[in-house]
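Beneath this line is the structure, given in C-alpha coordinates, with notes to follow.
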Amino acid sequence: MIDSPNDDWSFSTAREPAQFGACEVNGVPGVEHAAGGRGTLCGISARHTTHYLHLFVPDALQSCRQCRQEAEASPTQPCVQERLHSRVLESAQGAMRDELLAALHKGANVRLWINGRSTDLAKFYARLDELTHGAGPAAEAFVSAATIGLTNVEYDLWRFLVVLPQDGGRPLIARGPRDRG
(Lines give C-alpha, C1' and ligand atoms only; values in the text may rest on other atoms or scores of the structure.)
Protein backbone atom coordinates (compact mmCIF):
# COMPACT_ATOMS: atom_id res chain seq x y z
CA MET A 1 0.00 0.00 0.00
CA ILE A 2 1.38 3.40 -0.98
CA ASP A 3 1.08 6.08 1.70
CA SER A 4 -1.61 8.56 0.81
CA PRO A 5 -0.71 12.17 1.60
CA ASN A 6 -2.66 13.85 4.34
CA ASP A 7 -2.30 17.57 3.70
CA ASP A 8 -3.99 18.41 7.00
CA TRP A 9 -1.41 16.50 9.08
CA SER A 10 1.19 18.47 11.06
CA PHE A 11 3.01 18.18 14.36
CA SER A 12 0.59 20.67 15.90
CA THR A 13 -2.56 18.87 14.71
CA ALA A 14 -1.17 15.50 15.80
CA ARG A 15 -0.35 16.51 19.38
CA GLU A 16 -1.70 14.09 21.97
CA PRO A 17 -3.56 14.67 25.22
CA ALA A 18 -1.43 14.58 28.36
CA GLN A 19 -1.38 11.16 30.02
CA PHE A 20 -1.33 10.39 33.72
CA GLY A 21 -1.07 7.21 35.72
CA ALA A 22 -4.14 6.00 37.57
CA CYS A 23 -4.33 5.70 41.33
CA GLU A 24 -6.86 5.22 44.08
CA VAL A 25 -6.97 6.84 47.51
CA ASN A 26 -6.27 4.24 50.19
CA GLY A 27 -9.49 3.26 51.93
CA VAL A 28 -11.68 4.91 49.29
CA PRO A 29 -12.25 2.29 46.59
CA GLY A 30 -14.12 2.92 43.37
CA VAL A 31 -12.80 6.35 42.42
CA GLU A 32 -9.73 6.63 40.21
CA HIS A 33 -7.52 9.69 40.33
CA ALA A 34 -4.87 11.03 37.96
CA ALA A 35 -1.41 10.64 39.48
CA GLY A 36 0.79 13.71 39.20
CA GLY A 37 4.32 14.37 40.42
CA ARG A 38 3.64 14.51 44.16
CA GLY A 39 0.11 13.22 44.35
CA THR A 40 -3.16 13.37 42.50
CA LEU A 41 -4.13 16.23 40.21
CA CYS A 42 -6.88 17.10 42.68
CA GLY A 43 -4.34 17.58 45.49
CA ILE A 44 -4.23 14.32 47.48
CA SER A 45 -0.73 13.40 48.65
CA ALA A 46 0.93 10.42 46.95
CA ARG A 47 1.53 8.74 50.31
CA HIS A 48 -2.23 8.23 50.62
CA THR A 49 -2.65 6.52 47.25
CA THR A 50 -2.13 3.17 45.56
CA HIS A 51 -0.94 3.39 41.97
CA TYR A 52 -2.11 1.11 39.17
CA LEU A 53 -0.36 -0.14 36.07
CA HIS A 54 -2.72 1.61 33.69
CA LEU A 55 -3.41 5.16 32.63
CA PHE A 56 -6.05 7.47 34.02
CA VAL A 57 -9.05 7.68 31.68
CA PRO A 58 -10.64 11.11 32.16
CA ASP A 59 -14.05 10.20 30.73
CA ALA A 60 -14.43 6.90 32.63
CA LEU A 61 -17.36 6.69 35.04
CA GLN A 62 -15.07 6.00 38.02
CA SER A 63 -12.81 9.03 37.38
CA CYS A 64 -12.56 11.84 39.92
CA ARG A 65 -14.27 14.93 38.48
CA GLN A 66 -11.57 17.36 39.56
CA CYS A 67 -8.78 15.11 38.21
CA ARG A 68 -10.76 14.85 34.96
CA GLN A 69 -10.93 18.64 34.64
CA GLU A 70 -7.23 19.06 35.45
CA ALA A 71 -6.18 16.30 33.03
CA GLU A 72 -8.28 17.75 30.21
CA ALA A 73 -6.84 21.23 30.87
CA SER A 74 -3.23 19.97 30.82
CA PRO A 75 -1.06 20.93 27.84
CA THR A 76 -0.90 18.46 24.99
CA GLN A 77 2.22 16.39 24.30
CA PRO A 78 4.22 15.96 21.11
CA CYS A 79 3.15 13.07 18.89
CA VAL A 80 5.53 10.18 18.26
CA GLN A 81 6.64 11.68 14.93
CA GLU A 82 7.58 14.97 16.60
CA ARG A 83 9.46 13.22 19.43
CA LEU A 84 11.43 11.11 16.94
CA HIS A 85 12.07 14.17 14.74
CA SER A 86 13.76 15.85 17.71
CA ARG A 87 16.04 12.83 18.19
CA VAL A 88 16.85 12.48 14.47
CA LEU A 89 17.98 16.13 14.38
CA GLU A 90 20.94 14.97 16.53
CA SER A 91 22.10 12.47 13.87
CA ALA A 92 24.78 13.08 11.27
CA GLN A 93 23.68 15.23 8.34
CA GLY A 94 23.01 13.52 5.04
CA ALA A 95 20.41 12.61 2.45
CA MET A 96 18.85 9.77 4.49
CA ARG A 97 18.48 12.07 7.49
CA ASP A 98 16.81 14.73 5.34
CA GLU A 99 14.43 12.16 3.80
CA LEU A 100 13.50 10.79 7.21
CA LEU A 101 12.94 14.27 8.67
CA ALA A 102 10.69 15.16 5.72
CA ALA A 103 8.79 11.88 6.11
CA LEU A 104 8.23 12.54 9.83
CA HIS A 105 6.94 16.04 8.98
CA LYS A 106 4.37 14.36 6.72
CA GLY A 107 3.21 11.91 9.42
CA ALA A 108 5.24 8.81 8.48
CA ASN A 109 4.17 5.64 10.23
CA VAL A 110 6.38 4.94 13.26
CA ARG A 111 5.79 1.19 13.41
CA LEU A 112 7.93 0.46 16.44
CA TRP A 113 9.88 2.33 19.10
CA ILE A 114 11.50 0.04 21.61
CA ASN A 115 14.43 -0.02 24.04
CA GLY A 116 16.16 -3.11 25.34
CA ARG A 117 19.11 -5.45 25.16
CA SER A 118 21.04 -4.75 21.98
CA THR A 119 21.50 -8.40 21.03
CA ASP A 120 17.76 -9.08 21.33
CA LEU A 121 16.73 -5.97 19.41
CA ALA A 122 19.22 -6.70 16.63
CA LYS A 123 18.08 -10.30 16.39
CA PHE A 124 14.30 -9.82 16.52
CA TYR A 125 13.46 -6.26 15.43
CA ALA A 126 16.22 -4.54 13.43
CA ARG A 127 16.13 -6.88 10.37
CA LEU A 128 19.63 -5.68 9.47
CA ASP A 129 19.88 -8.10 6.54
CA GLU A 130 17.07 -6.21 4.75
CA LEU A 131 18.81 -2.83 4.90
CA THR A 132 20.46 -1.46 1.77
CA HIS A 133 21.87 1.83 3.12
CA GLY A 134 23.71 2.32 6.42
CA ALA A 135 23.50 -1.29 7.60
CA GLY A 136 27.17 -1.49 8.66
CA PRO A 137 27.18 1.38 11.16
CA ALA A 138 23.78 0.26 12.49
CA ALA A 139 25.07 -3.29 13.07
CA GLU A 140 28.18 -1.91 14.81
CA ALA A 141 26.00 0.16 17.15
CA PHE A 142 24.12 -2.96 18.25
CA VAL A 143 27.40 -4.79 18.93
CA SER A 144 29.01 -1.91 20.87
CA ALA A 145 26.28 -1.33 23.48
CA ALA A 146 24.56 -3.51 26.06
CA THR A 147 21.23 -1.70 25.69
CA ILE A 148 19.95 0.43 22.86
CA GLY A 149 16.78 1.88 21.38
CA LEU A 150 15.44 1.46 17.88
CA THR A 151 12.58 2.71 15.79
CA ASN A 152 11.18 1.45 12.53
CA VAL A 153 9.56 4.10 10.35
CA GLU A 154 7.73 3.29 7.14
CA TYR A 155 7.26 5.86 4.45
CA ASP A 156 6.81 5.59 0.71
CA LEU A 157 9.09 2.79 -0.55
CA TRP A 158 11.38 2.75 2.51
CA ARG A 159 11.66 1.30 5.98
CA PHE A 160 13.96 3.50 8.04
CA LEU A 161 15.74 2.04 11.04
CA VAL A 162 16.84 4.60 13.61
CA VAL A 163 19.29 3.30 16.21
CA LEU A 164 19.08 5.33 19.42
CA PRO A 165 22.11 4.91 21.71
CA GLN A 166 21.17 4.97 25.39
CA ASP A 167 24.37 6.78 26.39
CA GLY A 168 23.36 10.00 24.67
CA GLY A 169 25.30 9.25 21.49
CA ARG A 170 24.12 10.35 18.07
CA PRO A 171 21.31 8.37 16.50
CA LEU A 172 22.17 6.33 13.40
CA ILE A 173 19.89 6.00 10.39
CA ALA A 174 19.73 3.08 7.99
CA ARG A 175 17.11 2.07 5.48
CA GLY A 176 15.97 -0.68 3.18
CA PRO A 177 13.01 -1.46 0.96
CA ARG A 178 9.69 -1.41 2.74
CA ASP A 179 8.01 -4.73 3.37
CA ARG A 180 4.90 -4.61 1.19
CA GLY A 181 3.16 -7.53 2.91
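The values are calculated or read from the model by the stated rules, or taken from the named source; none is laboratory data. Owing to the predicted nature of the structure, the values given are computational and were not obtained by experimental measurement. Counting neighbours? That spans all protein chains shown, and the Cβs are built from the backbone with ideal geometry, glycine included. Remember, those area values only see protein heavy atoms, side chains included, never the ligands or the DNA or RNA. Shrake-Rupley method; radii C 1.70, N 1.55, O 1.52, S 1.80 Å.
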Among (1) under 14 Å from Leu172 (Cα atoms); (2) in contact with a strand residue (DSSP E or B) (Cβ under 7 Å, 6 or more places away or on another chain); (3) part of a helix (DSSP H, G or I), where does Cys67 come up short? (1)
Pull up the range 80-98, narrow it to residues that are exposed (fewer than 15 other Cβ atoms within 10 Å of the Cβ) and among the aliphatic types (A, V, I, L, M), then point me to the one that is farthest from the chain's Cα centre (by Cα). Ala95
Against the conditions (1) under 20 Å from the mean Cα position of the chain (by Cα); (2) part of a strand (DSSP E or B); (3) surrounded by 13 or more Cβ atoms within 10 Å (Cβ to Cβ); (4) hydrophobic (A, V, I, L, M, F, W, C), where does Leu53 fall short? Just the number, please. (3)
Checking Leu101 against (1) open to solvent by less than 40 Å² (accessible area, probe 1.4 Å); (2) outside any strand (DSSP E or B); (3) in contact with an Asp or Glu (Cβ under 6 Å, 6 or more places away or on another chain): exactly one of these is not met. Which one? (3)
When Ala122 is run through (1) at pLDDT below 95; (2) surrounded by fewer than 18 Cβ atoms within 10 Å (Cβ to Cβ), the failure sits at (2)
Tabulated pairs, the range 59-72, first crowded, with 20+ Cβ neighbours inside 10 Å, second among the charged types (D, E, K, R), C-beta under 7 angstrom, 6+ apart or interchain: Cys64/Glu32
Quick one: would you say Ala18 is surrounded by 13 or more Cβ atoms within 10 Å (Cβ to Cβ), of a type in the set (A, V, I, L, M) and assigned to a loop (DSSP other than H, G, I, E, B)? yes
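Take the range 157-181 and flag every residue that is over 18 Å from Asn115 (Cβ atoms) and either touching an Asp or Glu at 6+ places or on another chain (Cβ under 6 Å) or assigned to a strand (DSSP E or B) (or both).
Matches in the range 157-181: Trp158, Arg159, Arg175, Gly176, Pro177, Arg178.
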